[in-house]
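Below you'll find the structure, written out as structure tokens, and then a few comments.
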Amino acid sequence: MALFVALGFAFAAAPLDARVSRKTHHSRKRQTIAKAAKIEPVRGQFLSDGAPINEFHCVPRAVGKVPVVMLLHGCAPNHFDDAEFKQMCIGLAARGYYAMFVEYYGAAGAPNCSDLAMTSSLSLAPEAPIPDDRWMRDLISARYSLANNPKADPTRLGLIGFSFGGTLAVITAALNPNVVSAIVDYYGFSNEHVEGAVSRLSNFPPTLILQGDADHRAHVVDSIHLHNVIANHQPASEIRVYPRVEHGFNFREAVGYDKEASADAWSRTLSFLDRHLK
């Protein structure tokens, strides 16, 4: 009888185990499908000072609100290396970020690079207009446009800027305290006015500077000096200097493209953002 009861229990339990097994199988299958679902850039617009600004964004598969990372182009022709920016956008979303490429030229149009904030005769005092003031407002408007987005948490905002985009990221953080949570500055320009704006903040956001020592446009000595200024206000900041590497080293369309430096810089970028945004 004991054997019969034991066998009977086993027989009765078998269908339940099968149901649990099938449920687990279907749950794993759904997770696999969700992970395999392709992330694609989505084009959109937001308003800045009443004018429409173009952007594209990549939404992660993660549930709930995630940190926001904005990609800021440099002073280059429209659509310069769009494919590279789209891959960055997709990669960031796959990493669990709401990624957004901001076409901050927008209504203001493309700048004359010689007239931007790195020109020593221009002031970056908070009370004075600066050459990229319109572009800085575009970034702030982009952040506000995500306030009610169910997938984005703009209170955890990272900026990845390239060349002048790196300069713009630093300026925006300096003149808008407590808006930016982390910065990755790829070979941005700097001077005493940029450093002066940074030095006025008691707690600058953690900043990673990625710079080639053969860069003839954004000089390595200026990047090192900017890092030292930031480090006085934010000890979590870092700098990585790449030997014999030129300006634009991470873009395949750029003359100075360097495959190894590009891969290393992107790996450092993701690790840095993970530490300071998640």
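In table form, for the structure just shown:
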{"quantity": "Listed residues 136, 173, 267: farthest to the positive end of the dipole of segment 41-277 (Cβ charges)", "calculated": "267"}
{"quantity": "Spacing of the two label points (7 Å from each Cα toward its C-beta) at residue 201 and residue 61, in nm", "calculated": "3.5 nm"}
{"quantity": "Neighbour net charge for residue 84 - beta-carbon separation under 11 angstrom, K R +1, D E -1", "calculated": "-1"}
{"quantity": "Alpha-carbon Rg/Rh ratio, for segment 41-277, with Rh computed the Kirkwood way", "calculated": "0.93"}
{"quantity": "Cα centroid separation - segment 172-200 against segment 241-270, whole Å", "calculated": "22 Å"}
{"quantity": "Residue order, fewest to most beta carbons within 10 Å, for 198, 184, 179, 221", "calculated": "221, 179, 198, 184"}
{"quantity": "Cβ-based exposure ranking for 268, 156, in which fewest neighbours within 10 Å come first", "calculated": "268, 156"}
{"quantity": "For segment 235-276, alpha-carbon Rg relative to the globular expectation (2.2 N^0.38 Å, N residues)", "calculated": "1.25"}
{"quantity": "Simple Cβ-charge dipole of segment 177-278, Lys/Arg +1 and Asp/Glu -1, about Cα centre, in debye nearest 20", "calculated": "300 debye"}
{"quantity": "Residue 178 paired with residue 231, simple spin-label distance in nm, labels 7 Å along Cα-to-beta-carbon", "calculated": "2.9 nm"}
{"quantity": "Computed FRET value (nearest 0.05) for residue 192 with residue 140, which takes r as the C-beta separation and R₀ as 30 Å", "calculated": "0.75"}
{"quantity": "Full-extension gain in nm, residue 271 to residue 253, via 0.36 nm per residue minus C-alpha separation", "calculated": "4.0 nm"}
{"quantity": "Computed lengthening from residue 264 to residue 82, 0.36 nm per intervening residue step minus Cα-Cα distance", "calculated": "63.4 nm"}
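FYI, it's all coordinate maths here, none of it is from the lab. Treat the numbers as computed from the prediction; the structure is a model and nothing was measured. Note that each Cβ is placed from the backbone with ideal geometry, even for glycine, and that neighbours are counted across all protein chains shown.
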